[in-house]
Structures are given as structure tokens and as C-alpha cells.
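Okay, so here's the structure we're looking at.
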Amino acid sequence: MLRGGPAGARNAPSLEQINAEVFTLTYGSIVRQLISDFEDIEEVNKQLEQMGYNMGIRLVDEFLAKAKITRCSSFRDTADVVAKQALPMFLNVSANVANWNPDQTECSLILTDNPLADFVELPEEYRELKYCNVLAGVVRGALEMVNMEVECRWVSDMLKGDDCYELRIKLNEHRDERFPFKDDD
Amino acid sequence: MNARQPPKHSLNIVDRPLSKNRSEVPTVSLSAFAYLFSEYIQYLVDRANSISELEDRLEKVGFEVGLRVLELLSYRDKVLRRKTDVLDILRFIHGPAWQYLFGKTADDLQQAANGDDEYYIRDYDLLVSRYISVPRSYEPFNPGTLAAGIMRGMLDSAGFPARVTAHFVSHKDRQRPITTFMIKLEPSVMQRQAYLEAAKKG
């Protein structure tokens, strides 16, 4: 088994590793299959985001179990944790947080290196495809499980000619803990 | 939305140098892969009408990966000779290719007793299916089909068309069943093999 983790991370434990290129190629294959299943690119984008959401709701459990972090006191903290601990732990890349709005409810995650999109070139007819949309879904799913309802969308995409990947995260609301049982049962 | 500018690179993607041509292989966590894989299987379960369709689609994903993996490995390999012998390509898959894909060589390579076009490769603990459990209602389904697809892609890309299927075989010494891949090479390959051997002797 391949062992190792991100080189510079302090708190992130090293999870068991797999060859990144297998991951990249498998993801590419999956995107291609989705494109041939759905006629409409918007549908593919939605499907990718939905898949990411399902992954995120389970991934956050593993993250919380393995990373030794204290409770986040604000959305700012949360964004930092996602960028500097969660992404390195799972994808061995780190991101920067930037472009905060004055309310502190919106920020951007900036990635320069994205293992999902290595070796990829987007042809003209798939200009509308948000290739990395699964990542947007993962962040949305993970944060929803810790009671933060967010919206994630891609603002910059290196596959479309920009110079970095920028994911804009907008906090809609903090939800209180919802108990699955009613009090009078 | 404004129209985006055309990409700044003027080179085609295949002309660009492989930036990740480092000596050690970059990695991501197995969890990331496992989540992606299980999510895709979930997506397929919802859409496929039968187990064999499910397996076919999963195998197709692996096939495309395998095509590209072989090209990548051949490009990076110091020796640039193409493999023309069946045993050579199988040993390559069992050894360097498995090592690259899953971090260790496969455990067993065996020729079937009943035909020289059938071979078995075994892996005692297939990395990709470690976190997948198959319920009884989906019994014949094997998530190792993804790896079977990768192997078929590699064999096809190398010029050895074959059928590869994955099976679980329970072993008395091990808790989890072993994944066995059955590789059945096509008759055209066997004909060519026989021709090559005759040419070598004659």
C-alpha cells in the first residue's frame, strides 16, 4: 500500500494513499460516461454536484474523526479548515482562502493544483461543463452536515483558460441541530 | 456570462510536457477514491436495469482508464520495446502495472489448465473494492469489475484483445474472499502467438 500524506500539513494525519493518476483517470472516465448518458450539459453539471453532495455528507464524518480540530467558531474558521486541512488530507493539495465579502459570509477557495483535472482539455462543445463540479458538491454536503447551509459555485476554472480554480462559497444560514425525533413521541 | 478568452496555451494538450513526470508517483487519499467509486456505483445502481448492465458500465469506465494507463506507463518506462508475447504483457500487468495502480504487485499469475488462452491473476485484497460490500440481492456483482476493465483496456491498447472478468473466490485462510480475474484472450491473439512461435523455431 502506498503510504504518505501531504508534505507540509501539520495537523492532517496521513491516510492510506492511492495513485493520484488512477483517481484522475477514473474521474475523467466517469465524467465522460455521464456526458454520454445525459444529452444536456447542465444535467451533467447537476449530476456531478449531486454526486459530490452524497460524497460530502459521508466524507465529513471521516474528516472529523481523523483530524484533530477544535470547534470552529465562525464561518471564517470553517473556510480555513476546509482549505488548509480537509483538502490536503483528502486530495493532497492545499488551497487559499480569499476574497471575503464585508459580511464575512462569502469567500473564495483558490486552488492552483487540482488532481481531478490533470491531463484534461475541454473541447469547445463542452464549454459549459463544470468539470470539477463534484468538488462543489462535496463542500456543500460536508458543510450541511455541520449545520451550515452554503452555496458553492465555480468562478474560475483553469480548464477554461483562467489561471487558477476558484470556488465561491456563500453561507446562507446556520441551521440549528435538527433532532430526528419530535419531543412528544 | 461573458465569453471566455481562448486558453493561453497555444500547444495542444498532447504536446505539452507531462508536468507530473516526477520519480515518485503523486497520490491522493484512498478515501477520496473510495467515496468517488462508491458514489458512481450508487449512480449506476439507480440507472442500470440489471446487474449485467451495471457490470458492463463499470467495466467501460475501467476500460477507458486502462487504455490511458498503458500509454502513460509505456511513455515513462525506460525500455521502449513493445511487448509482443502474451506472457510478457501478462507479467507486465501482474507486476509493474499493478504496482503503479495499487501500490503492490498482484499476488498470483496462473495459466488455466483447460486452455492456453485463459489466464488467472489473483489479488488477495483488491484496493478498490476494500470498502464496498455487496448485498445478497446483487450477488454476482463484483466491484473488482472496474479493475477488470482497466486490465482489458491495457490489454486492448497493447494489441491483445481479451475478455476479463472478476470473481470472488473464498479462501479458507482469509476472512475476505480473493478477487480472481479471468483473462480470456481472443482467438486472433492465439493465432498470432502460434505464428510467432513457429517463426522463432523455424
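Just a few scattered comments:
- Residue in the range A:55-71 that is in a helix (DSSP H, G or I), open to solvent by 10 Å² or more (accessible area, probe 1.4 Å), away from every other protein chain (no Cβ under 12 Å) and in contact with a helix residue (DSSP H, G or I) (Cβ under 7 Å, 6 or more places away or on another chain) present: no
- Meets criteria (without any contact (Cβ under 8 Å) to a residue 40 or more places away in the chain, part of a loop (DSSP other than H, G, I, E, B) and under 30 Å from A:L48 (Cα atoms)) for B:N114: no
- Matching residues, the range A:117-148, being within 18 Å of A:A86 (Cα to Cα) and surrounded by fewer than 18 Cβ atoms within 10 Å (Cβ to Cβ): A:E144, A:M145, A:V146, A:N147
- Failed item in (1) hydrophobic (A, V, I, L, M, F, W, C); (2) more than 9 Å from chain B (Cβ to nearest Cβ); (3) over 13 Å from the mean Cα position of the chain (by Cα); (4) closer than 22 Å to A:A117 by Cβ, with A:L34 passing the rest: (2)
- Looking only at the range B:73-110, residues that are open to solvent by 20 Å² or more (accessible area, probe 1.4 Å), farther than 20 Å from B:L185 by Cα, hydrophobic (A, V, I, L, M, F, W, C) and outside any loop (DSSP other than H, G, I, E, B) come to 1 in all.
- Failed item in (1) open to solvent by 30 Å² or more (accessible area, probe 1.4 Å); (2) within 14 Å of chain B (Cβ to nearest Cβ); (3) within 24 Å of B:L36 (Cβ to Cβ), with A:E151 passing the rest: (2)
The values are calculated or read from the model by the stated rules, or taken from the named source; none is laboratory data. Values in this document were obtained by computation on a predicted structure and should not be read as measured data. Cβ sites come from the backbone with ideal geometry, for glycine too, and all protein chains shown count toward neighbours. Only protein heavy atoms, including side chains, enter the accessible area calculation; ligands, DNA and RNA are left aside. Shrake-Rupley method; radii C 1.70, N 1.55, O 1.52, S 1.80 Å.
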